[in-house]
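Notes to accompany the following structure.
The values are calculated or read from the model by the stated rules, or taken from the named source; none is laboratory data. Computed from a predicted structure; not experimentally measured. All Cβ positions, even for glycine, are placed from backbone atoms using ideal geometry, and neighbour counts span all protein chains on display. For the accessible areas, the whole protein counts, side chains as well, though only heavy atoms, and no ligand, DNA or RNA atoms are used. Shrake-Rupley method; radii C 1.70, N 1.55, O 1.52, S 1.80 Å.
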Amino acid sequence: MKKRSGNFANLLFWAGLMLVVMQSAALAQDRFPKPDFDSQYRQPLTQTPPPASPWQEGADVVVLALALGLTSFFAIKKRSRRGIWAMALFSVIYFGFMREGCVCSVGSVQNVSAALFDAGYVIPIGVLAFFVLPLIFTLLYGRTFCAAVCPLGAIQDLVMIKPVKVPEWLQEVLGLFRYIYLGFAILFAATGTAFLVCRYDPFISIFRMSNEFGMILFSGGFLGLSILVARPYCRFLCPYSVLLGWMSALSRRHLSITPDTCHLCRLCEESCPMGAISKPTPDALPVSREQGGKRLAILLAVLPLLILAGGWGFSRLDLTFSKMHPTVNLAGQIAAEDAAGTPGLTLETRTFRSQGTPTETLFTEAEGVRRRFRSGGWLLGAFLGLIFGIKLFQLNLFRRVAEYQPDREACFSCGRCFSYCPNERVRLDQLQNRY
Amino acid sequence: MADDPKDLKRRDFLREGLRTVSALALGGIGGMLGARAGSWEMVWQLDPEKCVQCERCATYCVLTPSAVKCVHAYDVCGYCQLCGGYHRPGAKTQDTAAENQLCPTGAIKRTYVENPYYEYTIIEENCIGCAKCVQGCGSFGNGSLYLQVRHDRCLNCNECSIATVCPSGAFTRVPADRPYILKGKQGESL
Ligand code: SF4
Ligand code: SF4
Ligand code: SF4
Ligand code: SF4
């Protein structure tokens with residue numbers, strides 16, 4: 001039944017469309033009818049150069065998978081920093097300069113969110129693969145994607161010349177921005193407002209060798225910063241790294257600093273420029289069990305409050321946020337013009353008024369967007385509240401660490417720490433002696 | 001230290017469980033969206049019927065000159081001697097003198113066909129996508145000149161910079177195997 005009425009509506013729609021099209025075509029062509037040429041003149045066709053073939057997209061996915069596999073092999077089996085470095089160079093050249101940095105896995109988070117929340121959004125399979133593949137590999141082998149496959153990470157890694165040590169507390173605090181950025185990136189993509197991550201990608205203008213002055217300044221600044229601060233984008237901004245960090249924390253295998261057992265010699269303690277090495281904990285608990293228990297109980301009580309407060313707070317900001325949406329922005333301008341009796345102040349409003357869409361339609365649409373921002377704000381706030389709560393837990397939870405090992409969530413699997421371990425030296429000597 | 005092994009075992013167990021959950025979630029998202037994905041690739045294109053020739057296509061593309069160019073639907077063209085897209089309004093003579101041309105870069109070639117008809121061709125290398133000629137042809141002629149994203153140039157940005165500022169909402173993503181929205185007979189045959 002439903003289908004039948006749908007068909008009928010369809011028919012009406014098409015009939016209407018045909019009428020409109022025929023009319024407008026007649027209007028346009030009436031002015032100067034196409035001449036009947038006497039001579040042998042033949043009308044050319046409009047050239048339609050095709051986009052890069054789907055082969056290219058498919059090839060990119062294959063290259064991505066191969067690069068992930070090879071980097072994982074270098075990080076875990078071969079333990080070769082040099083191999084990882086070579087892969088990073090390759091990725092900067094291929095995914096960065098040759099493919100001009102688009103689509104990247106970091107940005108694909110937005111396509112996936114848009115597709116999840118908006119049934120009308122079509123996500124290309126290639127983009128989906130760029131989102132899923134690195135996460136799968138990270139779940140298996142740790143963040144080998146970050147080590148050398150992500151062009152953004154790789155370019156920062158290559159220019160990391162004199163990294164300074166960022167104090168642990170500062171690193172923790174700055175690291176929280178990644179969650180906020182992720183939350184906003186999802187909210188703005190899901191509401192069809194903007195792709196923030198693409199707009200503020202610090203390296204794309206380098207990969208595209210853009211000649212726009214502002215962009216060069218921004219990118220150049222970021223690249224310069226990456227010389228002194230190890231991977232600033234990765235550690236403090238990258239929204240995708242949140243997901244990768246979770247996967248890596250659960251990973252099946254992960255690179256280890258030592259090829260053998262750790263002798264607690266402390267030689268690798270300061271070797272990680274990213275501050276990603278967990279030190280062995282003292283045997284005794286830092287606080288008594290009862291005290292610790294009490295603290296956890298308090299935190300457990302506070303957690304729901306954090307979630308609720310976050311959700312409430314962000315849902316109140318719907319008006320502010322939704323103004324970034326073009327439809328809401330336009331509706332605001334139209335309403336203001338109508339109130340002041342000055343129609344057509346901006347190109348946007350002039351265009352809208354010339355299109356003949358009723359203002360009510362626009363206002364309803366804008367209201368719909370605002371409502372989505374309100375419910376989205378609840379989710380975003382609750383998520384951020386949860387994250388802050390969990391961070392508090394982690395600060396207070398005592399987790400025994402027996403040896404020097406990479407903090408799986410934060411480690412980029414770059415392999416810089418390998419050479420600091422005396423066991424590694426022994427391993428390499430043995431390798432050499434064997435041949 | 002006595003409870004260490006138990007501790008570790010519990011941790012491993014937890015990790016393994018969560019790993020399985022994550023793998024399932026990833027598979028779920030991939031499968032669900034993959035089944036709906038429809039096309040291997042989508043590309044940006046503008047709908048000439050919506051475009052209002054605001055000139056932003058010329059300035060907002062990440063490429064300079066823009067990946068948007070003027071194209072010509074020859075079968076819609078009237079082959080006029082005085083072309084609203086070619087000649088500046090009030091041009092003194094209807095010839096090819098530079099001062100009579102509307103296009104700021106001289107990207108339109110005018111060739112004599114037979115009396116009194118002239119063919120107009122876009123020299124794409126010179127076109128900056130400013131839509132001045134499109135406006136002229138649309139207001140005084142048949143509207144056979146119009147803008148299109150040229151896919152041999154477009155980088156297919158994840159978020160097209162022009163789409164974010166196009167006042168008429170002309171930019172949409174279209175399947176890569178039908179990447180143009182053409183006018184005239186060629187458009188109908190698509
Ligand atoms: S943290 Fe983000 S930007 Fe850095 S390498 Fe990983 S995915 Fe790329
Ligand atoms: S591999 Fe070693 S040096 Fe590199 S990020 Fe991980 S812990 Fe730090
Ligand atoms: S930005 Fe939109 S309205 Fe302006 S010229 Fe381009 S397609 Fe036309
Ligand atoms: S997708 Fe990028 S390159 Fe293509 S027209 Fe838009 S801004 Fe220009």
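Based on what the data block shows, is A:Leu176 within 29 Å of A:Phe388 (Cβ to Cβ) and away from ligand 4 (no atom under 16 Å from the Cβ)?
Details: within 29 Å of A:Phe388 (Cβ to Cβ): yes; away from ligand 4 (no atom under 16 Å from the Cβ): yes.
So A:Leu176 fits the description; yes.
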Within the bounds of the range B:90-107, is there any residue that is within 11 Å of chain A (Cβ to nearest Cβ) and more than 16 Å from ligand 2 (Cβ to nearest atom)?
no
Hey, any hits in the range A:335-346 for a residue that's within 13 Å of another protein chain (Cβ to nearest Cβ) and outside any loop (DSSP other than H, G, I, E, B)?
no
Which pairs do you get when a residue that is in the same structural domain as A:Ile180 (by TED's automatic domain parsing) and part of a loop (DSSP other than H, G, I, E, B), found in the range A:284-313, comes within reach of a residue that is at pLDDT 90 or above and open to solvent by 60 Å² or more (accessible area, probe 1.4 Å), reach meaning Cβ atoms under 7 angstrom, with the pair 6+ apart or on two chains?
none
All conditions in (1) within 21 Å of B:Ala58 (Cβ to Cβ); (2) open to solvent by less than 20 Å² (accessible area, probe 1.4 Å) are true of B:Asn158 except (1)
Pairs, first within 24 Å of A:Arg350 (Cα to Cα) and assigned by TED's automatic domain parsing to the domain that holds B:Cys51 in the range B:152-173, second open to solvent by less than 30 Å² (accessible area, probe 1.4 Å) and within 16 Å of ligand 2 (Cβ to nearest atom), C-beta under 8 Å, six or more apart:
none
Looking only at the range B:49-61, decide whether some residue is within 11 Å of another protein chain (Cβ to nearest Cβ), within 14 Å of ligand 3 (Cβ to nearest atom) and open to solvent by less than 10 Å² (accessible area, probe 1.4 Å).
no
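How many residues does the range A:166-198 hold that are touching a residue at least 12 places away in the same chain (Cβ under 8 Å) and in a helix (DSSP H, G or I)?
Let us first name the residues in the range A:166-198 that are touching a residue at least 12 places away in the same chain (Cβ under 8 Å), namely A:166, A:168, A:171-172, A:174-198.
Okay, now just the ones that are also in a helix (DSSP H, G or I), so A:168, A:171-172, A:174-190, A:196-198.
Residues that pass the stated criteria total 23.
Which is on the phi < 0 side of the Ramachandran plot, more than 16 Å from ligand 4 (Cβ to nearest atom), crowded, with 18+ Cβ neighbours inside 10 Å and more than 14 Å from chain B (Cβ to nearest Cβ), of A:Tyr240, A:Tyr233? Full working, then the answer.
On the way: A:Tyr240 fails: more than 14 Å from chain B (Cβ to nearest Cβ).
From the options A:Tyr240, A:Tyr233, the qualifying one is A:Tyr233.
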Quick count over the range A:124-169, residues being away from chain B (no Cβ under 14 Å), away from ligand 1 (no atom under 15 Å from the Cβ) and of a type outside the set (A, V, I, L, M), is 5
I'm checking my understanding of the structure. Among residues of the range A:355-384 that are of a type in the set (Ser, Thr, Tyr) and open to solvent by 40 Å² or more (accessible area, probe 1.4 Å), which one is farthest from A:Leu306 (Cα to Cα)?
A:Thr357
If I ask for residues that are over 18 Å from A:Ser91 (Cβ atoms) and open to solvent by less than 20 Å² (accessible area, probe 1.4 Å), which ones from the range A:133-165 would you list?
A:Leu139
Within the range B:68-88, is there a residue that is within 13 Å of chain A (Cβ to nearest Cβ), within 16 Å of ligand 3 (Cβ to nearest atom), touching a residue at least 60 places away in the same chain (Cβ under 8 Å) and out of contact with any helix residue (DSSP H, G or I) (no Cβ under 7 Å at 6 or more places or on another chain)?
yes
Of the residues A:Phe412, A:Phe352, which is part of a helix (DSSP H, G or I), buried (at least 19 other Cβ atoms within 10 Å of the Cβ) and out of contact with any Phe, Trp or Tyr (no Cβ under 8 Å at 6 or more places or on another chain)?
A:Phe352
Residues within the range A:415-435 that are part of a loop (DSSP other than H, G, I, E, B), more than 19 Å from A:Lys279 (Cβ to Cβ) and either touching a Ser or Thr at 6+ places or on another chain (Cβ under 8 Å) or β-branched (Val, Ile, Thr) (or both), tallied
1
